[in-house]
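The structure appears right after this line, and notes come after that.
The values are calculated or read from the model by the stated rules, or taken from the named source; none is laboratory data. The shown structure was predicted, so the numbers you read here are calculated from the model rather than taken from an experiment. Cβ atoms come from the backbone with ideal geometry, glycine included; neighbour counts cover every protein chain shown.
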Amino acid sequence: MNRHVEIKELNESNWYDCCLLKLSAEQELYMEPNAVSIAQSKFESTLKCYAIYYDETIVGFMMFNSVKEELDGYWIYRMMIDHAYQGKGIGKSAMRLLLEDMKALPDAAKLVVGYHPENIAAHKLYEQLGFIDQGDRFGKEMAVIKNL
């Protein structure tokens, strides 16, 4: 069976399923629940949320800011895959789709992701996608950059 990954904007029919997704216990130390991110997006209108689908099943959530921030880049705030679907390449496929969409943002020259330095899975993923650690740190998070 050929599996298909796609991302769709969060809407009234998929937001609740994104709230039900679970991280591994270790990952819960590094990330807020999806419900918190979804609530944040309702108060910060530049934040854009997406559900990640694996075939027809919602298996992940991602969010980015559609305006530039620190480091003169567009920031990807969240990317998570439900613990039961991790290790299948879904996150990498979904992130590639998001990166393609983000290239169309005005003056998109730089994309930035922040994450906890001990989140080894995130580090490996973003490194494989061409993000570079240039030593930028914000509080408890490190920021890695992808130049377009």
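Contact annotation: no residue pair with Cβ atoms under 8 Å, 6 or more positions apart or on different chains, pairs a residue in region 44-65 that is over 17 Å from HIS83 (Cα atoms) and free of Cβ contacts under 8 Å to residues at least 24 places away in the same chain with a partner that is among the basic types (Lys, Arg) and part of a loop (DSSP other than H, G, I, E, B). Name the single residue, out of those in region 34-50 being of a type in the set (Ser, Thr, Tyr) and touching a Phe, Trp or Tyr at 6+ places or on another chain (Cβ under 8 Å), that is surrounded by the fewest Cβ atoms within 10 Å (Cβ to Cβ). Among residues in region 34-50 that are of a type in the set (Ser, Thr, Tyr) and touching a Phe, Trp or Tyr at 6+ places or on another chain (Cβ under 8 Å), the one surrounded by the fewest Cβ atoms within 10 Å (Cβ to Cβ) is SER37. Annotation for region 34-50: at least one member residue is in contact with a Ser or Thr (Cβ under 9 Å, 6 or more places away or on another chain), closer than 11 Å to ILE7 by Cα and outside any loop (DSSP other than H, G, I, E, B).
Of all the numbered requirements in (1) touching a residue at least 24 places away in the same chain (Cβ under 8 Å); (2) touching a His at 6+ places or on another chain (Cβ under 9 Å), ALA25 misses one, and that requirement is (1). Return yes when LEU97 is within 13 Å of the chain's Cα centre (by Cα) and buried (at least 21 other Cβ atoms within 10 Å of the Cβ) and no when it is not. No.
Consider GLY87 carefully, then state whether it is of a type in the set (Gly, Ala, Ser) and at positive phi. Considered against the rule, which asks whether it is of a type in the set (Gly, Ala, Ser) and at positive phi, GLY87 comes out as yes. Identify the residue in region 18-33 that is crowded, with 17+ Cβ neighbours inside 10 Å and in a helix (DSSP H, G or I) and, among all such residues, is modelled with the highest pLDDT. Among them, the one singled out is CYS18. Is there a residue being surrounded by 17 or more Cβ atoms within 10 Å (Cβ to Cβ), of a type outside the set (A, V, I, L, M, F, W, C) and under 20 Å from GLY89 (Cα atoms) anywhere in region 2-14? No, region 2-14 contains no residue that is surrounded by 17 or more Cβ atoms within 10 Å (Cβ to Cβ), of a type outside the set (A, V, I, L, M, F, W, C) and under 20 Å from GLY89 (Cα atoms). The residues of region 1-17 that are of a type in the set (A, V, I, L, M, F, W, C), part of a loop (DSSP other than H, G, I, E, B) and touching a strand residue (DSSP E or B) at 6+ places or on another chain (Cβ under 8 Å) amount to a single one, LEU10.
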